[in-house]
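The values are calculated or read from the model by the stated rules, or taken from the named source; none is laboratory data. Since the structure is predicted, the reported quantities are computational estimates derived from the model, not experimental observations. Cβ coordinates were reconstructed from backbone atoms using ideal geometry, including for glycine residues, and neighbour counts include every protein chain displayed.
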Amino acid sequence: MESLFSTRVDFEDIVEYAIYNDFGANDHNGIVHEDLRKAAQDFAAVTQSFLSQWTNGYIWHKDPFELSVVASKDLAAPFLQGRTRHGDGVEDEWFIVSLLRELTIQFPEAVVSVRDNDGEILLIEAAEHIPPWLDPSTSQNRVFLYKGLVHIIPIPQNPAEILLYSSGPLTLNRALELVRGSAPTEAPKNVQEAIMARLARYPQGAKENIHRARCYIPRPVAHLLHHEPQLVASAVEAFYLRDPIAMKACYKMEKFPSTNNVMVTVRMNRTHYAQLVSQKFHPPKSFRLPPISSPNFKACELGMKLACGFEMLCADRHLRSSSKHNGHRSVDTYEFEVDPEWQAFLRRLDKLSYFGKELPGSQLYKQLENTAKKQYLQAKFSESEIIGENPIDKIEYILTQSLEDENNLSQEPEDNDKWMEVDPSNLDRMFDEEKLKMSADDWEELNQEDLSDLDDEEKHDMEELSKMFGGFTSFVEKESGLGGVVFPHEREFEEQEDKNSSDEEDVPLRFEQGQFLQSMMDVLGINQDDFDRITKGKASGNSTVSTAEDVLRPIERVMPTVSFDLDDSEESKTGEAGELVDTPAPDAQLESYMESMDRELSRTKLGDDFEKIASEGPSISAVNEEGEEELRKIDLDFNLVKNILESFSAQEGLPGPASSILNSMGIGLPPKRRK
């Protein structure tokens, strides 16, 4: 389902969002553009202030949540737009969606749209419940968040609805009018429930994604993280995506030498921590790690990796080429004190209670002021002139200040990292929780192939393949008779033969003893002279055994013992002595030999040629009581179809074993087509 709504917006994993507020432009046409721009700028600052209750102290995986004022020819008023790279931190994406939803509740006039690389993120999450007419070609400008709910502008289904909803593509201005208007646009209940279930733990639970780890790092690195904790994201990214060129910076460690290290607590998100811990990295010569058995080994290793990440980050040529030395402006370098427009903007924020009850100089006041400065620069200058998010500029600016006193550095207790371990029981529990969310009908639908995207010809081909598999299965499960294998096209002939022979069933069976005796003598190679000698010996007084038994005894020595499967009606028949005829039990020793052979072959190339059934449990090898690795079962159905198709394809249209077997079973494979 996630292949739907897949118009990609970038090569990186990002989420884009827009907040629309008309600021009364539709009611007051006399409002000048400059006033609307200032209103949008104020709204952006107030929005950031409202969301700071959840974003303060949060460590983003790559980029933080930010808003900028954008003007559009299609809209009467400017709107707010943001773009955040989240990379592997999927938690950031849904945290942002939850923030946008909270914003629409706090500001009822705001309408929000949000999408990621795959397209409409809200529709992808509720793909099992969305209306059937929704697809990438019809979803543009139709999906929004408004007053805390998901809104989907429908397509008119009858003439009466044409008056309410526009048919065909929607402009953004018309879509916003419909969402704010009286026409019903709320998404169906099951769509709302699916999305709200995904957002249930956000935004309050987002801080559970933060992990505190003890690290033994150079004091300049501790100074940087004390003043700008978000820099840990850039350092981890530089370490995790390092290349041989970046590794050269770690050989000398000129920027952050390991001569003056301190033990501090570093805050990062769980993905950052997992990326640092999971990678094996040999420390540069300047680092001396304690033995693995030391209780400080983990902190020293994490600190070494983090310090190397900062060193590689500062040596990045691309970031250095876009630094402030090229004439760009940043929050740290711009002279706000001499800008009268900034002073006026600050006074407007005070009137809007942007800082709340915070006093100038407090930590939260400084954070809100820094956010307002970013908003101001984004609104005042073009994006090409602002590089406030360049981490090298931040590092250079913070390092110009005196190093923070060690007593002020964070010494919080570290968090337990057991969350990285998932045992089989927890994995099964997680699977069971997901299964409970789906009804029996949903599971049945998942077990069936989805042929909705195939044309008639492709559906016919799929039916032929299904018929082939079903034909083989039923053929193998049947028992052959004494006459050999009965193919489907021969059944009709056999049924006719059985019908003709049924008329003769009433004729009594006659046993010609002389003819039977002559036939047995021919089979055993007994001539007439030998037979006469045997009969004379019996007649001379040695008649303890009948002549027939004496003749048949050599047959038992020549012919092998053959056991036949009896019907249920015959299993209870007794012999002449009145004893039950027992079916021999399976040979346990033979089964043991076969199992040993399977285990030995599984370790060879022959064992790798077969497709195995995917394990339903965790990605670990199952082990039996004797400590031996259990064999994964072979997927017979998949291997059957795969081998038949490969054999049929290798024939290249000529006669061969695959086509002969399939034709004898009345199955015709679809021809190979060029796409």
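Name the single residue that is nearest to residue 68 (Cα to Cα) among those in the range 79-132 being in a strand (DSSP E or B) and among the small types (Gly, Ala, Ser). Steps first, answer last, please.
At the first step, the residues of the range 79-132 found to be in a strand (DSSP E or B) are 79-85, 111-116, 119.
Pick out the ones that are also among the small types (Gly, Ala, Ser) and you get 82, 113, 119.
Numbers: 82: 6, 113: 15, 119: 21 Å.
Among them, the one singled out is 82.
Has the range 172-188 got any residue that is under 25 Å from residue 96 (Cα atoms), surrounded by 19 or more Cβ atoms within 10 Å (Cβ to Cβ) and among the hydroxyl-bearing types (Ser, Thr, Tyr)? Yes, some residue in the range 172-188 is under 25 Å from residue 96 (Cα atoms), surrounded by 19 or more Cβ atoms within 10 Å (Cβ to Cβ) and among the hydroxyl-bearing types (Ser, Thr, Tyr). Do the conditions hold for residue 12, that is, is it among the acidic types (Asp, Glu), within 41 Å of the chain's Cα centre (by Cα) and modelled with pLDDT of 90 or more? Criteria not met by residue 12.
Here's the yes/no breakdown for (1) touching a helix residue (DSSP H, G or I) at 6+ places or on another chain (Cβ under 6 Å); (2) crowded, with 20+ Cβ neighbours inside 10 Å; (3) at pLDDT 90 or above:
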| residue | (1), (2), (3) |
| --- | --- |
| 199 | yes, no, yes |
| 222 | no, yes, yes |
| 255 | yes, no, no |
| 262 | yes, no, yes |
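Can you say whether residue 298 is out of contact with any strand residue (DSSP E or B) (no Cβ under 8 Å at 6 or more places or on another chain) and either modelled with pLDDT of 80 or more or among the hydrophobic types (A, V, I, L, M, F, W, C) (or both), as far as the supplied structure shows? No; evaluated as a whole, the condition is false for this residue. Considering the range 80-136, and only residues there that are of a type in the set (Phe, Trp, Tyr) and farther than 16 Å from residue 185 by Cβ, the residue that is surrounded by the most Cβ atoms within 10 Å (Cβ to Cβ) turns out to be 95.
Scanning the range 316-355 for residues that are within 43 Å of the chain's Cα centre (by Cα), modelled with pLDDT of 75 or more and closer than 22 Å to residue 50 by Cβ, we see that the one that is surrounded by the fewest Cβ atoms within 10 Å (Cβ to Cβ) is 355.
Can you name the residue in the range 44-80 that is among the aromatic types (Phe, Trp, Tyr) and without any contact (Cβ under 8 Å) to a residue 60 or more places away in the chain and, of all such residues, is farthest from residue 233 (Cα to Cα)? Steps first, please.
We begin by selecting, within the range 44-80, every residue among the aromatic types (Phe, Trp, Tyr); these are 50, 54, 58, 60, 65, 79.
Subsequent filtering for residues that are without any contact (Cβ under 8 Å) to a residue 60 or more places away in the chain retains 50, 65.
Values: 50: 24, 65: 14 Å.
Once the filter is applied, the top-ranked residue is 50.
Let's see how each residue does on (1) in contact with a Cys (Cβ under 8 Å, 6 or more places away or on another chain); (2) without any contact (Cβ under 8 Å) to a residue 60 or more places away in the chain; (3) assigned by TED's automatic domain parsing to the domain that holds residue 143:
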{"site": "163", "(1), (2), (3)": "no, yes, yes"}
{"site": "166", "(1), (2), (3)": "no, yes, yes"}
{"site": "169", "(1), (2), (3)": "no, yes, yes"}
{"site": "178", "(1), (2), (3)": "no, yes, yes"}
{"site": "204", "(1), (2), (3)": "no, no, no"}
{"site": "216", "(1), (2), (3)": "yes, no, no"}
{"site": "228", "(1), (2), (3)": "no, no, no"}
{"site": "247", "(1), (2), (3)": "no, no, no"}
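Quick check on this structure: which one of 155, 130 is over 27 Å from residue 77 (Cβ atoms), β-branched (Val, Ile, Thr) and within 31 Å of the chain's Cα centre (by Cα)? Step through it out loud before you land on a result.
On the way: 155 fails: within 31 Å of the chain's Cα centre (by Cα).
Of 155, 130, the one residue that is over 27 Å from residue 77 (Cβ atoms), β-branched (Val, Ile, Thr) and within 31 Å of the chain's Cα centre (by Cα) is 130.
Residues of the range 134-146 that are over 23 Å from residue 196 (Cβ atoms) and at pLDDT below 85: 135, 136, 137, 138.
In the range 626-675, how many are part of a loop (DSSP other than H, G, I, E, B), at pLDDT 70 or above and acidic (Asp, Glu)? Give the derivation first.
First, pick out the residues of the range 626-675 that are part of a loop (DSSP other than H, G, I, E, B): 626-628, 630-633, 635, 651-656, 665-675.
Checking the rest, the ones that are also at pLDDT 70 or above come to 633, 635, 651-652, 654-656.
If we keep only those that are acidic (Asp, Glu) too, we end up with 635, 652.
Final tally of qualifying residues: 2.
When residue 398 is tested against (1) of a type outside the set (S, T, N, Q); (2) assigned to a helix (DSSP H, G or I); (3) modelled with pLDDT of 85 or more; (4) surrounded by fewer than 10 Cβ atoms within 10 Å (Cβ to Cβ), just one condition goes unmet, and that condition is (4).
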